1. Determine which member of the set 340, 411, 353 is over 20 Å from residue 244 (Cβ atoms), open to solvent by 10 Å² or more (accessible area, probe 1.4 Å) and modelled with pLDDT of 95 or more.
2. On the given criteria, is residue 221 of a type in the set (Asp, Glu), at pLDDT 95 or above and under 22 Å from residue 174 (Cα atoms)?
3. Look at residue 172 and say whether it is open to solvent by 50 Å² or more (accessible area, probe 1.4 Å), part of a strand (DSSP E or B) and touching an Asp or Glu at 6+ places or on another chain (Cβ under 7 Å).
4. Do we have any residue at all in segment 198-216 that's touching a His at 6+ places or on another chain (Cβ under 9 Å), under 19 Å from residue 256 (Cα atoms) and β-branched (Val, Ile, Thr)?
5. Consider residue 62 against the criteria (1) in contact (Cβ under 8 Å) with a residue 40 or more places away in the chain; (2) closer than 30 Å to residue 413 by Cβ; (3) surrounded by 16 or more Cβ atoms within 10 Å (Cβ to Cβ): it satisfies all of them except one. Which criterion is unmet?
6. Mind checking which residues of segment 107-147 are closer than 21 Å to residue 171 by Cα, open to solvent by 90 Å² or more (accessible area, probe 1.4 Å) and hydroxyl-bearing (Ser, Thr, Tyr)?
7. Can you confirm whether residue 205 is open to solvent by less than 20 Å² (accessible area, probe 1.4 Å) and in contact with a strand residue (DSSP E or B) (Cβ under 7 Å, 6 or more places away or on another chain)?
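The values are calculated or read from the model by the stated rules, or taken from the named source; none is laboratory data. Remember, it's a predicted structure, so these values are computed and weren't measured experimentally. Here the Cβ positions follow ideal geometry from the backbone for every residue, glycine too, while neighbour counts run over all protein chains shown. The area values use the complete protein model at the heavy-atom level, side chains included, leaving out ligands, DNA and RNA. Shrake-Rupley method; radii C 1.70, N 1.55, O 1.52, S 1.80 Å.
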Amino acid sequence: MNFSEVFKLSSLLCKFSPDGKYLASCVQYRLVVRDANTLQVVQLYTCLDQIQHIEWSADSLFILCALYKRGLVQVWSLEQPEWHCKIDEGSAGLVASCWSPDGRHILNTTEFHLRITVWSLCTKSVSYIKYPKACQQGLAFTRDGRYLALAERRDCRDYVSIFVCSDWQLLRHFDTDTQDLAGIEWAPNGCVLAAWDSCLEYKVLLYSLDGRLLSTYCAYEWSLGIKSVAWSPSSQFLAVGSYDGKVRVLNHVTWKMITEFGHPATINNPKIVVYKEAEKSPPLELGRLAFLPPRAVAGPLSSPESKYEIAEVPVSLQTLKPAADRANPRIGVGALAFSPDNYFLATRNDNIPNAVWVWDVQKLRLFTVLEQLSAVRAFQWDPRQPRLAVCTGGSKVYLWSPAGCVSVQVPGEGDFQVLSLCWHLSGDSLALLGKDHFCLCFLETEEGVGTASGQRGDHT
């Protein structure tokens with residue numbers, strides 16, 4: 001495992017292009033595009049104000065920069081650096097901006113969600129979509145790019161409209177039996193749309209492309225409901241994370257629950273491997289340390305190396321008692337992700353914040369648990385193989401695969417705190433994002449996770 005030098009970054013804005021050739025990052029009002037392999041600067045663009053959002057077009061030829069404070073979107077071309085486009089929403093303001101799947105239309109959501117404006121880069125025409133709902137996940141494209149589903153709110157009721165992306169004509173419009181629609185998401189095959197209610201009512205609704213209600217699922221009533229939702233890559237399973245600390249997996253044939261994954265604070269089953277992160281204390285050479293300046297001593301000691309140990313059951317995981325008198329309590333399953341091969345499901349239960357749970361989807365059982373020394377900030381699967389990258393806001397990155405797991409110190413001066421991460425589509429590299437900097441971590445994929453020069457725990 002090798003690391004690049006550290007580069008400047010603002011607002012965690014760093015994204016690989018969909019074709020994997022480029023890496024875009026932002027520093028205040030500048031957009032820097034680098035070659036993803038050599039990290040040489042390919043293009044440097046200057047925007048009119050601080051960039052708050054970036055997004056590549058699907059064909060990797062254009063990149064949009066949203067300047068929400070100014071109500072502006074600036075679009076840059078990689079093929080023709082002298083070409084650029086500026087979209088000004090004026091007094092309507094701007095709260096969200098995204099590409100359509102064809103990479104030639106931009107959808108801008110105005111302030112107060114009054115409307116969505118669809119701008120064409122080819123014909124310079126403008127279309128308007130009224131009544132978009134201000135919710136967690138109110139806009140979803142099918143993976144093939146043919147259809148757009150939009151959550152709407154009109155006359156105090158929730159609706160979903162399905163549009164054809166080629167001409168933005170309305171295909172279907174139907175109301176949803178929800179109190180307060182919180183999100184929508186297409187199955188990867190584009191055949192089924194999942195819609196779910198706010199946390200105050202547990203309800204998942206499944207619709208066909210023509211707007212027919214296929215099924216409704218409710219696990220319980222009179223308690224906080226759904227917190228996270230994820231489709232499996234094969235579209236066979238829908239995982240629903242709830243505030244009661246459980247994941248319920250629905251099947252695509254009957255839309256009934258096939259299993260329920262709990263997140264107990266104590267692991268008793270000896271068949272489950274629990275990897276526990278532990279600090280590795282280096283032996284102090286007092287003779288040498290006596291002559292070093294104080295700053296040189298403090299450097300390595302402030303962020304000690306760590307290793308994974310396989311804990312013996314029963315294992316008690318560190319739990320968090322949520323504040324009952326505050327909004328958005330830290331309880332329930334707040335993060336879900338299926339591995340790209342459909343074999344594993346990774347979850348995080350927010351009141352056991354230091355643990356990542358990995359479930360075997362084929363056998364419908366808990367496979368392993370990783371307990372970190374700090375709360376888990378983010379995790380993401382390698383796009384090519386069942387390998388999970390985890391960060392906790394510290395100066396380490398953690399990798400898990402069925403063969404074992406590894407803790408790797410990010411080299412460099414100072415304490416580089418990894419707050420987020422994103423994989424290159426090949427799985428050969430990983431961008432590690434900090435508050436003001438980022439670096440790339442290059443992996444030797446042919447030998448798997450064990451190539452990392454860190455401290456490893458093996459699952460044998």
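1. 340
2. Answer is no for this residue.
3. Judged against the criteria, residue 172 is a match.
4. No: zero hits.
5. In the conditions (1) in contact (Cβ under 8 Å) with a residue 40 or more places away in the chain; (2) closer than 30 Å to residue 413 by Cβ; (3) surrounded by 16 or more Cβ atoms within 10 Å (Cβ to Cβ), residue 62 misses (2) alone.
6. 128, 131, listed by residue number.
7. When the stated conditions are applied, residue 205 passes them.
So that you can scan it fast, the table gives a plain yes or no per residue for (1) among the β-branched types (Val, Ile, Thr); (2) open to solvent by 40 Å² or more (accessible area, probe 1.4 Å):
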residue	(1), (2)
16	no, no
26	no, no
29	no, yes
33	yes, no
39	no, no
47	no, no
70	no, yes
77	no, no
83	no, yes
